[in-house]
Amino acid sequence: MKIAESLLHHCHEVGSQCVDFLFPPQCCFCQQSLNGPAEFDIASARKITQPQLCKDCTSNLPAITNNHCLKCGATQGPHIPADEGCVYCQSSRFSFSGAISLHLYEGNFRKMCQFCKQDSGQRLTGYLTEQLWKSEQSRLKSWQCDAVVHVPMFWARRLVRHVHPAETIANCLAKNLRVPFWHRALKQIRRVPHQANLAPSKRRKNVLDIYQANHFHHFKEKTILLIDDILTTGTTASECAKTLKKAGAKQVHVAVLARGTGR
Ligand SMILES: [Zn+2]
Ligand SMILES: [Zn+2]
């Protein structure tokens, strides 16, 4: 039995190295080959299963900061109090209890988030979600969420856009948190203009009552982690949180890759 296991393991290692040779691992953003010895250790071929960024793209990312505004998730300087709201959310009221983000939606990170919306961007979404998990897992765990759901996309939009980063992020975080991923727990029942094309003052009215909870899930008294890729004014996430609470959820927390600053 042990010989068979060892043979199988050996075959797997050899197979992985052959795949590496035929399909060299690439940076999941710029697609540059990672075969250079400094960037990819050929001996540990298992790395191929994990999306990676090249050195150039990694150095273009902002530094991870662990000081986030507890209300809206915006990253901020180390000496600014986290529990008093920030410049981006002081005048906002949200139906969710708190939010977390990886970085502000600016510069190179903004370009990466836009790439995540493309068909070839799913590996990058997976990579960035892992970074969010690594830097914020203690807060994500502290929320003690019962399930993970994502901000939905209108069905007609799904027909033309095959990639929905919020869904990928939700799936990855649910696995890491070891809680159920409630796929399509929310649905958008009306087509409305895209939030990004509207002035911030018009966004709340635009999304008012456009979401519905799918009642095949039991939301009653549950704490829910709501996922989107970008949170800008927070009106979309807040409306989704309102809908989840109407369906019985006790509390809703939000996690996003990027906190938009509206600039
Ligand atoms: Zn790269
Ligand atoms: Zn804030």
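Here, each number is a calculation from the coordinates, and none is a lab measurement. Keep in mind that what you see is a predicted model, and the values were worked out from it rather than measured. Cβ: placed from backbone, ideal geometry, glycine included. Neighbour counts: every protein chain shown.
What FRET efficiency, computed as 1/(1 + (r/R0)^6) with R0 = 22 Å and r the Cβ-Cβ distance, is obtained for Q114 and Q144, rounded to the nearest 0.05? It comes to 0.10.
Quickly rank 85-95, 173-183 as a protection proxy: mean count of other C-beta atoms within 10 Å, highest first.
Highest-to-lowest ranking by the protection proxy: 173-183, 85-95.
Taking a ≥ b ≥ c as the square roots of the eigenvalues of the Cα gyration tensor, an a/c ratio below 1.5 marks segment 61-259 as rounded.
When each of the peptides 194-204, 234-244 is scored by the mean number of other C-beta atoms lying within 10 Å of its residues, the order from highest to lowest reads 234-244, 194-204. Note on R93 and Q32: their simple-model spin labels are 4.9 nm apart, each label 7 Å out from Cα toward Cβ. For T223 and E84, the FRET efficiency from 1/(1 + (r/R0)^6), where r spans their Cβ atoms and R0 equals 35 Å, is about 0.90. Within the set K141/K246; K111/K245; K111/K141, which residue pairs have Cα atoms separated by over 26 Å? With Cα atoms farther than 26 Å apart: K111/K245; K111/K141.
Count Lys and Arg as plus one, Asp and Glu as minus one, and take only other residues whose Cβ is under 14 Å from that of R161; the net charge is then +1.
What FRET efficiency comes out for A63 versus A199 if R0 is 35 angstrom and r is the Cβ-Cβ distance? Round to the nearest 0.05. Given R0 = 35 Å and the Cβ-Cβ separation, E is 0.65. A simple spin-label model places the labels of Q137 and R161 3.0 nm from each other, with each point 7 Å out along Cα-to-Cβ.
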